[in-house]
Every structure is written in C-alpha cells, then in structure tokens.
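These notes are about the structure you will find just below.
The values are calculated or read from the model by the stated rules, or taken from the named source; none is laboratory data. Computed from a predicted structure; not experimentally measured. Here the Cβ positions follow ideal geometry from the backbone for every residue, glycine too, while neighbour counts run over all protein chains shown. Accessible surface areas use protein heavy atoms only, side chains included; no ligands, DNA or RNA. Shrake-Rupley method; radii C 1.70, N 1.55, O 1.52, S 1.80 Å.
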Amino acid sequence: MVDLVNFPKAVPEPRGCGDREPGGVYAECGLSEHGAPLDFFAFCPPLPIPEGIDLVNKPRLWLRTDPGSNQPVLDPLTNEPIYDLLIHIGAEHYPEPPDYYEETKRLGASRRLNPNLDFTLLTSSSRMLLAHPRAIVTQWRDLALPELCKKHQVGHDLDFFAQLGVADAEAARKDERRQGPCLFKLWDLLPQDEAIQVFNQGEGQRPLCLRRTGSTVYQYRPSGEKAELRQEGFILGLPITGFALIKHADGAVNEKAKQKLLTGLEKNGGSALPFYETEK
C-alpha cells in the first residue's frame, strides 16, 4: 500500500529558481535519512540529449526502452511500460550545473510540471532525468583531470592515475587511458570572481571559495581554467518520491492535476506515486 503521508518531500526553502507558484504541480525527489547519497544518482559522464529533443520549458514524458532490444521496459508491479520525466534546468536560474546539484543535495529536487502531462503514466519505477545546458565540456581532454571523481569512474581523475603510478598531473592528462568528460570537473571550472567569499590557502594552493544559489551556499576550489564549449546533457537521474500541489490563497489547488494524481493512485496500485497539498 502506498503511504500517502510519510514519504520523502523536498524542503520548501528558497531556491535558485525562486519560490514555488500557487496552483503549480511539482515532481519531487525528497530527502530521507534512509536514502542513497546524491552522487549515487549522478550521470558521469553527463548523458547527451536525444537528437531532436527540445526540453527548454517543456518537461516531457519519455518511454524507457531496453538499449539492446529497443523494447519498452516494464514496471515489475504493474507490468506496464515505464515512463520517465525529461526536465531542463534553466541556466538563467542555475548558471552552472553544480548550482543545481548542490541545491538538490541540500533541499531535494522540486520541478514544476505542465498539468497537461499524463501523470497516471508515472510510477515509483519512474525517474526524472535532469539536464543542464552547460553539462558537457567538449574540450575536456585539454583540461587538467579533477582530483576526484565521486562516481570513481575508470580514467576520470588524478586518484585513478596515482593508483597506477602516474603521479604527474600533466602526464595523467595526456595518458591514453584517460576517459571523460567527468561531471565532477565542473566544480573546478566555476569562476573565482563569482564567489561570495574567497579564502586564500597559501602559495601553490587553490583558493577555497563560497558560492550561493538561492538559500544554498557551497564550497569549491577553482582551477582557473576556462571551458566555454559546452553542450546540454543530463546530470542526474532521480527517483520520484511524490508530487506537491501548491495551494492558492483560498486553499484551492490545480484540480485538473489533482484528479490525474488521484487516478494514478487508483490505476497503479502499489507502484503509485503519492501527492500532498502545501502552502509553499
């Protein structure tokens, strides 16, 4: 049975994209002390957008298929095809991918959806795939390797090459075993001049910088490198823990969206996604 009360919810604090709008319906990946760390859900390298797909202001449902057979993947509980959400993260609110990543780590994910989408197709097996326009660095081979890839991908970081006995950073950069681009290199590429505070660490050390997005402040150590040739790509594939319906001043919510969510509860049984109504 679906728990309609005690399920993980996003934290309603100010975000880079502002406050949630009355009447809106939001897909959430809430936080839980029993959940996996965000790095577990990261795409490293970031995944390219399917050809011909425009996601800007157009979240869409996407049929999940098996890469080998190209046949639909079925939900084990409903035996129906699994649909995922493809969602664009706007650079006007989150100039760099780490801005959204760090906010999600602290507050969980909350993304507004078009109420015309068929929410009944989404189940607990669905995921929201989040894309940022500056996710894929095309000239990654020209850049230094990050110190650590948090996904521990082969050939992605200095730690990998140090274990192979390649201690020189320049030699590691040119090594034919190098792979990429690494998602976690994006933190190195954040500009120092956009920091809200800088702490110099001494000669030969990168400065420790603080950067703000919404109510979230996080640390990074810029390398000073520049990489302006970027492509949009998916950086996260998150479970959907439920939906939030944001109330108007009179307490009403979007009834069209609510009815679809109620239908989804009836249709999908133990694989259904819960929802709740909230002031913000």
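A few points about this structure:
- Output for the range 191-200, where each listed residue is without any contact (Cβ under 8 Å) to a residue 12 or more places away in the chain and either assigned to a loop (DSSP other than H, G, I, E, B) or open to solvent by 90 Å² or more (accessible area, probe 1.4 Å) (or both): ASP193, ASN200
- Only one of the numbered conditions (1) assigned to a loop (DSSP other than H, G, I, E, B); (2) closer than 30 Å to ARG141 by Cα; (3) open to solvent by less than 40 Å² (accessible area, probe 1.4 Å) is violated by PRO46, and that is (1).
- Residues located in the range 202-245, provided they are more than 20 Å from ALA135 (Cα to Cα), assigned to a loop (DSSP other than H, G, I, E, B) and over 17 Å from the mean Cα position of the chain (by Cα): GLY202, GLU203, GLY204, GLN205, ARG206, PRO207, SER215
- Restricting the range 213-267 to residues that are of a type in the set (Val, Ile, Thr), farther than 30 Å from CYS44 by Cα and in contact with a Ser or Thr (Cβ under 7 Å, 6 or more places away or on another chain), the residue that is surrounded by the most Cβ atoms within 10 Å (Cβ to Cβ): ILE246
- Across the range 101-115, the qualifying residues are those that are open to solvent by 50 Å² or more (accessible area, probe 1.4 Å) and either touching a residue at least 60 places away in the same chain (Cβ under 8 Å) or under 11 Å from the mean Cα position of the chain (by Cα) (or both), and the one among them that is nearest to ASP157 (Cα to Cα) is LYS105.
- Residue in the range 60-83 that is touching a Gly at 6+ places or on another chain (Cβ under 7 Å) and among the basic types (Lys, Arg) present: no
- Filter pass, LEU158 being crowded, with 19+ Cβ neighbours inside 10 Å, in contact (Cβ under 8 Å) with a residue 60 or more places away in the chain, in contact with a helix residue (DSSP H, G or I) (Cβ under 8 Å, 6 or more places away or on another chain) and not aromatic (Phe, Trp, Tyr): no
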